[in-house]
Every structure is written in structure tokens, then in C-alpha cells.
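The values are calculated or read from the model by the stated rules, or taken from the named source; none is laboratory data. Note that the structure is a prediction, hence the values are computed from the model and not measured. A quick note on method: Cβ atoms are made from the backbone with ideal geometry, for glycine too, and the neighbour counts reach across all protein chains shown.
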Amino acid sequence: MTAELACIARRLGLAGVSVLAITGFAAGAQAQQTITVGHSISDDSHYSVGVDAFAEKLDELSDGAFTVDEKPAGALGGERDMIEGLQIGTLDAVITSTGPLGNFVPETYVLDLPFLFEDYAHARCVLDGEIGQDLLDKVGENDLVGLAWTENGFRHMTNNVREIHTPEDAAGLKVRTMENEMHMAAFEEMDVQPTPMAFPELFTALQQGTVDGQENPISVILTSNMWEVQDHLSLTGHVYSPAIMLASPVLWDGLSEEERGWFVEAAQAGAEATRDMVSRLETEGVEELKEKGMTVVEDIDTSVFQEAVEPSYSTYTDEHGSEMLERIRNSDC
Ligand code: EAX
């Protein structure tokens, strides 16, 4: 189409007229807007699959008025940097874990408590229901727009020192965590030395031995090639890691109600595609990591880990009370 138009333009002697302008004219003169979407992990990750599904749905709903420019792999900075970017409008949307989100929206810290969600069905049900919507609304009160909850996955530990079967095996290790108070408190209860760091710095830190280990969902471990620099994986599933698709209030202010609806619907389509990949890799990905040479400890007694980290809940409840925690525990999910 574009080449054809360029050809027509040349024949008409419109050499100086941009092809884009002609394309816009041909499509009914509707202005095209490019939406920049950033995330911290690779372009074959579950977030990237989510961006593709988001872009496709947005294109369909808007009849091509919005196109998406994906900036993966921390090209626009770590997750905290990108959230700040949204607030000042230097980018349009981000898919991020809740790692740094509590620094901006403290109400979301509840989601970062270890062993809060029993399984994927439980977490997805809570986030897709009234509780999830209330938290998205809270996000909206902090110079951010919460489009939809999406997913990173249950986090598992990797390291280069020894197989982890029990919290005692983890004790003494230096483990990179996200920049998240709740996560750090949980690891401290296991006598692990939590070392918070932005994701784009992690691979080099593992490679150079600045930290002994890290923890992330299978999809991240696999698609960020952590198996190249980590020997042992333990399926601890110690915390569910939600992700969220956020938009910039600067973008949002310029959209009509109808367009806002398209963005929310497209973000939900992205979340669905992301969750499908997370589910698939939760089993397939483990096999792949074994093939790539990782030793995998699968028979973990999670109850001993749960007991070890339980006292860290007070880090949350001392400051935020237990109302939201009880709501999640008592929900129908
Ligand atoms: O959001 O920082 C992390 O470990 C996150 O899990 C990752 O960047 C995906």
C-alpha cells in the first residue's frame, strides 16, 4: 500500500509530499498516533506477547488510528524510571511488575506479600474482580492510569552457590530482589541478604558475581537467559508477581471517552495473551531450563518457607492495617 502510494505520488509529480500524509489522506484523514510502550524484559517474553496483543486489539478497535512502538529490554530504563516517565509524559504506556509500584501507590503493597495467593487461578480471580478494580482506581489517584492487571508470574529462586531445598539453604546468600519493601522483608526473615537493584542491571551483576542469586518467574529466567549465569533453580513459588499495564496521564488527558475504552479493552487483550504464555511456560519452561543445564529442585515443601517468612507480614500491617489483606483472604476467589 505504502509503496503503491509512493509510486502514484511520483507519477503525479508529488515528490515532496510525504507518503505518510498521503496514507493519512487515503485512510480518511484520521490523524495517526504512535503509542510508545516500554517494559524491562526481552522481546520474546510474556510482556512482549502482551504488547503485540495490545497493539493488534488497539489497531482493530481504532481502525488503525493508533499504532504501537514497543521499547523492550529496559531501553527506556528500569521499571521505576519508566513509571516516573509516565508521570511526566515522556512515554505513553508501560508494562511493569509491582516491584517498584508500591513506592508510587502504597495500597498495592498488599499484593507483594509472600504466599498470599494460592495459585494462578486465585490471583487472577482477585485481580479481575472488585479488589483489582479498587486497586486500579487507587493507581489512578497518583498521576498514573491503571489500564489493566496483567501478569509476571510466581517467583522462584535461582543461585550459583547451592541447591535450595529449605530456607536454611538460602540463608547467607546475597540475592537480588526488586526495589520492594515487602519482598526485602520476606528475604530478611530467611536470613538472605536482599540486594535491591533495577532489572536492567541484573544480568551483569549475576555474571560478575556481585550477587549469588535472584528470583523471578520462569518466563523471565528463560527469556532473559539467566540460565547462562545461574546453576540452580528452586521452584519456591514464594510470591505471586502481578504486572500492570499503566498509561501516562498526559496521554490519557488527550483521549476521548471512546478512545479510553479502546485502551482498556486492548490492555485486557494483552493481559490475556501474557497470562497464556505464563501458564504455558510454568511447565514447559522448566523442562527447557533443565535442558539448558540448570539443576531444578522441584519437590519443595513450601510450608516451611511460608512459616519462615510469615513475620514479614508486619512490615505491611504495621503501616497499612489488615483490612485489604482480610478482603483478599475472604474473597470468593
Ligand atoms: O517485570 O525486576 C524484576 O525482577 C521483574 O520481575 C522483571 O523486570 C519483570
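Data for the structure
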quantity: Positions within region 238-262 being closer than 12 Å to ILE35 by Cβ, surrounded by 21 or more Cβ atoms within 10 Å (Cβ to Cβ) and among the aliphatic types (A, V, I, L, M), in sequence order; calculated: MET245, ALA247
quantity: Scope region 148-171; condition in a loop (DSSP other than H, G, I, E, B) and under 19 Å from ALA205 (Cα atoms); matching residues; calculated: ASN160, VAL161, ARG162
quantity: Considering residues of region 167-183 that are within 11 Å of the ligand (Cβ to nearest atom) and in contact with a strand residue (DSSP E or B) (Cβ under 7 Å, 6 or more places away or on another chain) only, the residue nearest to PRO100 (Cα to Cα); calculated: GLU179
quantity: Qualifying residue in region 106-116 (condition: within 17 Å of the chain's Cα centre (by Cα) and surrounded by fewer than 17 Cβ atoms within 10 Å (Cβ to Cβ)); calculated: no
quantity: Only one of VAL68, VAL94, VAL49 that is within 16 Å of the ligand (Cβ to nearest atom), in contact (Cβ under 8 Å) with a residue 12 or more places away in the chain and in contact with a Leu (Cβ under 7 Å, 6 or more places away or on another chain); calculated: VAL94
quantity: Which numbered condition GLU265 fails, given (1) buried (at least 18 other Cβ atoms within 10 Å of the Cβ); (2) under 19 Å from LEU135 (Cα atoms); calculated: (1)
quantity: Matching entry among SER322, SER331, SER312 (being small (Gly, Ala, Ser) and under 17 Å from ASP119 (Cα atoms)); calculated: SER331
quantity: Pick from region 136-147, criterion part of a helix (DSSP H, G or I) and under 16 Å from the mean Cα position of the chain (by Cα), ranking: farthest from GLN87 (Cα to Cα); calculated: LEU136
quantity: Helices (runs of 4 or more DSSP H) fully within region 175-288 counting 1 or more residues that are among the polar types (S, T, N, Q); calculated: 202-207, 218-223
quantity: Residue under evaluation GLY102, criteria (1) closer than 24 Å to SER224 by Cα; (2) within 14 Å of the ligand (Cβ to nearest atom); (3) crowded, with 21+ Cβ neighbours inside 10 Å, criterion not met; calculated: (1)
quantity: Of all residues in region 206-222 being more than 12 Å from the ligand (Cβ to nearest atom) and either in contact (Cβ under 8 Å) with a residue 60 or more places away in the chain or over 19 Å from ARG155 (Cα atoms) (or both), the one that is surrounded by the most Cβ atoms within 10 Å (Cβ to Cβ); calculated: LEU222
quantity: Close pairs (6 angstrom Cβ cut-off, 6 or more residues apart or separate chains): within 15 Å of the ligand (Cβ to nearest atom) in region 187-202, acidic (Asp, Glu) and not in a strand (DSSP E or B) anywhere; calculated: PRO196/GLU179
quantity: Residue within region 88-95 that is of a type in the set (S, T, N, Q) and either assigned to a loop (DSSP other than H, G, I, E, B) or surrounded by fewer than 21 Cβ atoms within 10 Å (Cβ to Cβ) (or both) present; calculated: yes
quantity: Qualifying residue in region 124-136 (condition: within 23 Å of SER219 (Cα to Cα), touching a Lys or Arg at 6+ places or on another chain (Cβ under 8 Å) and at pLDDT 95 or above); calculated: yes
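For (1) farther than 19 Å from MET197 by Cβ; (2) among the β-branched types (Val, Ile, Thr); (3) touching a Phe, Trp or Tyr at 6+ places or on another chain (Cβ under 6 Å); (4) modelled with pLDDT of 95 or more, each residue gets a yes or a no:
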position	(1), (2), (3), (4)
ALA6	yes, no, no, no
VAL17	yes, yes, no, no
ASP59	yes, no, no, yes
LYS71	yes, no, no, yes
THR98	no, yes, no, yes
PRO106	yes, no, no, yes
